[in-house]
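Asks: Dropping the structure in here first, questions after.
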Amino acid sequence: MEMPFWGVDGERLFDAEKTPVAADLGIVAETFRHYPGVIRSTHSQAFAALGPQAELITADPLPLPPHIPASPVGRVHDLDGQILLLGVGHDASSTIHLAEVIAEVPYGVEKQCAVLENGELIRVSYRENDHCCARFEFMDGWLRSRQLQREGLIGHAHARLMRSRDVVAAALAELAADPLVFLHAEDEDCEECRDARGSIPEEAVG
């Protein structure tokens, strides 16, 4: 089992033992962090894992951008792991960002994170394929049409279960047809997607 566990922000030095989980990841993530045997990544783009592959999933150094193949999300894909979306939609799925990296989408916004280097706190700049992620919800239709997503209720929560590799394959097929499929149109009111579109080099557009 693996779950996102990054901290409150990337501007402060991350401590795998003490840094609390970002509030938007929810109480399940914060509770899982304290579960016996859970291993947490040692960097600011942390994930946590439990089980026989936990060390492998969390072993990579700081991945920049965060969802490259050599990252916890990438390792789950390599291991043919499954994704359970519990009470959330695909807009909360980090795995689709992995597909964007593999597809080499042309957009990427500038970000920074704090790291410790030779005992000194420094800020590392990187370019991340980030946007509002609302259009990740297209994945529901893509997977349902291929009969690759199981759905049902767990408690009162709508749950979706699918293979990581199926998510990436479906996203790659759509990105091959339209590299900007996950960005809102320019005339739509979405600042994050506008920033992503604004980051695209002119040569990539023309």
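Asks: With a cut-off of at least 3 residues that are in contact with a helix residue (DSSP H, G or I) (Cβ under 8 Å, 6 or more places away or on another chain), name the helices (runs of 4 or more DSSP H) lying wholly within segment 137-203.
Replies: Passing ranges, in order: 138-145, 164-177.
Asks: Identify the single condition in (1) surrounded by fewer than 21 Cβ atoms within 10 Å (Cβ to Cβ); (2) in contact with a Phe, Trp or Tyr (Cβ under 8 Å, 6 or more places away or on another chain); (3) more than 18 Å from L148 (Cα to Cα); (4) not polar (S, T, N, Q) that V73 does not satisfy, given that it satisfies every other one.
Replies: (1)
Asks: Looking at L62, L79, which is the one that is touching a strand residue (DSSP E or B) at 6+ places or on another chain (Cβ under 9 Å) and over 26 Å from D178 (Cα atoms)?
Replies: Among L62, L79, only L62 is touching a strand residue (DSSP E or B) at 6+ places or on another chain (Cβ under 9 Å) and over 26 Å from D178 (Cα atoms).
Asks: Every residue in segment 119-167 that is small (G, A, S), at pLDDT 95 or above and loosely packed, with under 11 Cβ neighbours inside 10 Å, please.
Replies: Passing the criteria: S145, G152.
Asks: Step by step: first the residues of segment 168-206, then only those that are charged (D, E, K, R) and surrounded by 13 or more Cβ atoms within 10 Å (Cβ to Cβ), then the one that is farthest from V109 (Cα to Cα). Which residue is that?
Replies: So the residue we want is E174.
Asks: In addition: Among the residues of segment 46-66 satisfying the criterion of being touching a residue at least 24 places away in the same chain (Cβ under 8 Å) and surrounded by fewer than 22 Cβ atoms within 10 Å (Cβ to Cβ), which is nearest to V168 (Cα to Cα)?
Replies: Result: P65.
Asks: Now a separate question. Go through L85, L116 for me and flag whichever is exposed (fewer than 15 other Cβ atoms within 10 Å of the Cβ) and either part of a loop (DSSP other than H, G, I, E, B) or in contact (Cβ under 8 Å) with a residue 40 or more places away in the chain (or both).
Replies: L116
Asks: Working only within segment 23-54, note down all residues that are within 23 Å of I154 (Cβ to Cβ), among the small types (G, A, S) and at pLDDT below 80.
Replies: Within segment 23-54, A23, G26, A29 meet the criteria.
Asks: Yes or no: H43 closer than 26 Å to A170 by Cα and buried (at least 18 other Cβ atoms within 10 Å of the Cβ)?
Replies: It is false that H43 is closer than 26 Å to A170 by Cα and buried (at least 18 other Cβ atoms within 10 Å of the Cβ).
Asks: What single numbered condition from (1) touching a residue at least 24 places away in the same chain (Cβ under 8 Å); (2) exposed (fewer than 15 other Cβ atoms within 10 Å of the Cβ) fails to hold for I96?
Replies: Of (1) touching a residue at least 24 places away in the same chain (Cβ under 8 Å); (2) exposed (fewer than 15 other Cβ atoms within 10 Å of the Cβ), only one is false for I96: (2).
The values are calculated or read from the model by the stated rules, or taken from the named source; none is laboratory data. Here the structure is a predicted model, which means the values were calculated and not measured. FYI the Cβ positions are ideal-geometry reconstructions off the backbone, even for glycines, and counts take in every protein chain you see.
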